[in-house]
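Just below is one structure, and these are the notes that go with it.
Each value in this text was obtained by applying a stated rule to the coordinates, not by laboratory testing. The structure displayed is predicted, hence computed values, not measured ones. Heads up, the Cβs are rebuilt from the backbone with ideal geometry, glycines too, and the neighbour counts pull from every protein chain shown.
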């Protein structure tokens, strides 16, 4: 087999953008700038985002075998953790506080709202865009929500970051929980797909 190593296939994110829209909003054309109703969630820490897939399985044991005779895949959870730097961004704040975005619309420069006593199940569609020069990756999630929130710490030495972990679920009509699009940015990858 030919050596297909290519340093141009490494990927170092130079920018990381997160967008939100109403749950089950259709995904935009791959790598076009998202238009309305997509809203950018603002600046993110230099760590970018942490996308995780957690698979769970169950081994089936049987008499006469010292090893499992079968393994059932029982769950596959997909999530992303992001730390936002704009602690006053209305959509970021709404996601973190688990309130509808309309709660943050100011009247005479002030927004006031109650934090929910029990969690709201507020769902959104999300886009996670990562760039490295002409190379791009996009994750589209039609149905997601904030599943975990980091601590909120206003401080004098830095901005107040808001860390959230998003969990993703299938969308309307069985749309996959996560769709990935890759733009190779002109890098030749033909050696990975030999002719039959």
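So here's what we get for this one:
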quantity	calculated
Choice from 66, 41, 17 with maximal GNM fluctuation in the chain (Cα, 10 Å cutoff)	66
Where labels lie 7 Å past Cα in the beta-carbon direction, separation of residue 61 and residue 9 in nm	4.2 nm
Alpha carbon centroid spacing (whole Å) that separates the range 149-196 from the range 1-48	7 Å
Taking the convex hull of Cα positions in the range 9-93, its mean projected area over all directions (nm²)	9.7 nm²
By average C-beta atoms within 10 angstrom, highest first, the peptides 34-40, 123-129	123-129, 34-40
The range 98-196 - Debye-derived log10 I(q)/I(0), Cα point model, q = 0.12 Å⁻¹	-0.67
Cα convex hull of the chain, projected area averaged across orientations, nm²	18.6 nm²
Length added when fully stretched, residue 52-residue 180, from 0.36 nm per residue minus Cα-Cα	44.7 nm
Bins of 5 Å, starting at 0 and running to the largest distance - Cα pair percent for the range 123-168	5, 17, 16, 16, 16, 17, 10, 2
Inter-site label distance for residue 69 and residue 165 at 7 Å from Cα along Cβ, in nm	3.7 nm
